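The values are calculated or read from the model by the stated rules, or taken from the named source; none is laboratory data. Because the structure is predicted, anything quoted here is derived from the model rather than measured. Don't worry about glycine lacking a Cβ; one is built from the backbone with ideal geometry, like all the others, and counts go over all protein chains shown.
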């Protein structure tokens, strides 16, 4: 299989929505990342999609956010790989492409809700409880950040909100 990773385009939206529905089911709408986007958040241009030929097989979305009123960060989520193609390094390749793109685009930090054993491989670290607050229920031990600029997280405190 030869794959291609590229920025998400408007033409990809239908296939991405279908992949999310197949992978996450209706519970996906309860995820905090969905809530932030529903409130008018703009998708960052560092969002990425992976294709096998013309077939979408994975995507990772990043949304521009502010934290306590300060901009410069993006919220990652969700990342999804076609269920039958999981566990072959595609998610890792897609994550690295999104991180590289976010850094190139000048973002200072990436925030996500996820498993530290996986995301820690990319340098994500737990956010101290109470420093950053999500606009929905989140297990605080799963709130992670990656500084794209050294010391970026020292400037972020407060509520995450969408950046329209």
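Some observations on this one:
- Tallying residues that are surrounded by fewer than 16 Cβ atoms within 10 Å (Cβ to Cβ), in contact with a helix residue (DSSP H, G or I) (Cβ under 9 Å, 6 or more places away or on another chain) and not in a loop (DSSP other than H, G, I, E, B) within the range 98-121 yields 3.
- Output for the range 22-65, where each listed residue is modelled with pLDDT of 85 or more and under 12 Å from residue 78 (Cβ atoms): 47, 58, 59, 60, 61, 62, 63
- Enumeration of residues in the range 67-97 that are surrounded by fewer than 18 Cβ atoms within 10 Å (Cβ to Cβ), in contact with a strand residue (DSSP E or B) (Cβ under 6 Å, 6 or more places away or on another chain) and within 23 Å of residue 17 (Cβ to Cβ): 82, 85
- Screening the range 42-97 for strands (runs of 3 or more DSSP E) wholly inside it with 2 or more residues that are within 28 Å of residue 108 (Cβ to Cβ) and under 10 Å from the mean Cα position of the chain (by Cα) returns the ranges 55-67, 70-81.
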